[in-house]
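**Student:** Let me begin by handing over the structure; questions about it come next.
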Amino acid sequence: MCSTRNVDLVRSIGAAEVIDYSRSDFARQPRRYDVVVDTIGNRTLRDLRRAVKPRGTLVVAGGGGGKWFRPMALALKTVVVAPFVRQQLRGVMSAVTKENLETLSALVMSGDVVPLIDRTYSLSETPVAVAYVEEGHARGKVIITV
Ligand SMILES: NC(=O)c1ccc[n+]([C@@H]2O[C@H](COP(=O)([O-])OP(=O)(O)OC[C@H]3O[C@@H](n4cnc5c(N)ncnc54)[C@H](OP(=O)(O)O)[C@@H]3O)[C@@H](O)[C@H]2O)c1
């Protein structure tokens, strides 16, 4: 799922189907999916569950916006509701460890993972890079070279 300007880009990296969220609301469509992975976190748990089959799986990685508690709110709600519904509901947190970064680095070096890089900034341009990411519409990763 992405906005109109990224539809072709998302297809080009392998998506069989792309939903343009500015034209179609996945939570209001009749279609249900086996697995939904939310990496954005701007929809309610109810909306996300509506897109998942009765025995399907929802994985929530995105936060709910804001700086303190709100980024965790959706994941916490997911964990609290999970024992009471037939759908599998999961929250995931990234674990930024040396070991995981080395594994990721090896996957990139071998070409098994090809990161989509939007923009590259120098270290002195870090504030500009952060401001760009905070706009919320980067088209892939934003790199700072050191
Ligand atoms: N669970 C964890 O461990 C973990 C780790 C890192 C981040 N997070 C959370 O994950 C979320 C995303 O983080 P991020 O760093 O990936 O952010 P990001 O880089 O700012 O996300 C940018 C992407 O969001 C898309 N987007 C923006 N508005 C959207 C909308 N209304 N509907 C669907 N897609 C939309 C943009 O596509 P378009 O330009 O096409 O709109 C762009 O591809 C945040 O809430 C963050 O807190 C969680």
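**Student:** Tally up the residues in the range 1-59 that are part of a helix (DSSP H, G or I) and near the ligand (Cβ under 10 Å from one of its atoms), please.
**Tutor:** The total comes to 7.
**Student:** Could you please find all residues in the range 26-39 being over 14 Å from Ala73 (Cβ atoms) and touching a Gly at 6+ places or on another chain (Cβ under 8 Å)?
**Tutor:** Selection gives Arg32, Tyr33, Asp34, Val35, Val36, Thr39.
**Student:** Another question about this same structure. Condition first: free of Cβ contacts under 8 Å to residues at least 60 places away in the same chain and in contact with a strand residue (DSSP E or B) (Cβ under 7 Å, 6 or more places away or on another chain). Now tell me which residues in the range 105-117 satisfy that.
**Tutor:** Pro115, Ile117
**Student:** Looking at the range 93-102, which of its residues are within 29 Å of Leu74 (Cα to Cα) and more than 20 Å from the chain's Cα centre (by Cα)?
**Tutor:** Passing the criteria: Lys98, Glu99.
**Student:** Out of the residues in the range 101-117 that are open to solvent by less than 70 Å² (accessible area, probe 1.4 Å) and over 21 Å from Gly14 (Cα atoms), which is nearest to the ligand (Cβ to nearest atom)?
**Tutor:** Looking at the filtered set, the residue picked out is Ser105.
**Student:** Pull out all pairs, ordered by first then second residue, where Cβ-Cβ is under 8 Å, the residues are six or more apart or on different chains, the first lies in the range 118-146 and is within 19 Å of Val10 (Cβ to Cβ), and the second is in a helix (DSSP H, G or I) and open to solvent by less than 40 Å² (accessible area, probe 1.4 Å).
**Tutor:** From residues that are within 19 Å of Val10 (Cβ to Cβ), the pairs are Arg119/Ala129; Arg119/Tyr132; Ala138/Tyr132; Arg139/Asn6; Val142/Ala129; Val142/Tyr132.
**Student:** Right, next: Free of Cβ contacts under 8 Å to residues at least 40 places away in the same chain, exposed (fewer than 14 other Cβ atoms within 10 Å of the Cβ), more than 24 Å from Lys141 (Cα to Cα) and of a type in the set (Ser, Thr, Tyr), is that true of Ser24?
**Tutor:** yes
**Student:** While we're on this one: Only one of Thr4, Thr57 is over 19 Å from Lys141 (Cβ atoms) and open to solvent by less than 60 Å² (accessible area, probe 1.4 Å). Can you tell me which?
**Tutor:** Just one listed residue meets the conditions, Thr57.
**Student:** Would you confirm, using the coordinates I've provided, whether Ala129 is more than 21 Å from Met1 (Cα to Cα) and within 12 Å of the ligand (Cβ to nearest atom)?
**Tutor:** yes
**Student:** Let me ask something else. For residues that are in a helix (DSSP H, G or I) and over 17 Å from the mean Cα position of the chain (by Cα), tally how many sit in the range 105-139.
**Tutor:** Residues in the range 105-139 being in a helix (DSSP H, G or I) and over 17 Å from the mean Cα position of the chain (by Cα): 16 in total.
**Student:** Moving on to the next point. On the given criteria, is Gly65 within 23 Å of Arg139 (Cβ to Cβ), modelled with pLDDT under 95 and away from the ligand (no atom under 14 Å from the Cβ)?
**Tutor:** no
The values are calculated or read from the model by the stated rules, or taken from the named source; none is laboratory data. Predicted model only: the values in this text are computed from it and were never measured. Here Cβ is always computed from backbone atoms with ideal geometry, including for glycine, and neighbour counts include all displayed protein chains. With ligands, DNA and RNA removed, areas are computed over all heavy atoms of the protein, side chains included. Shrake-Rupley method; radii C 1.70, N 1.55, O 1.52, S 1.80 Å.
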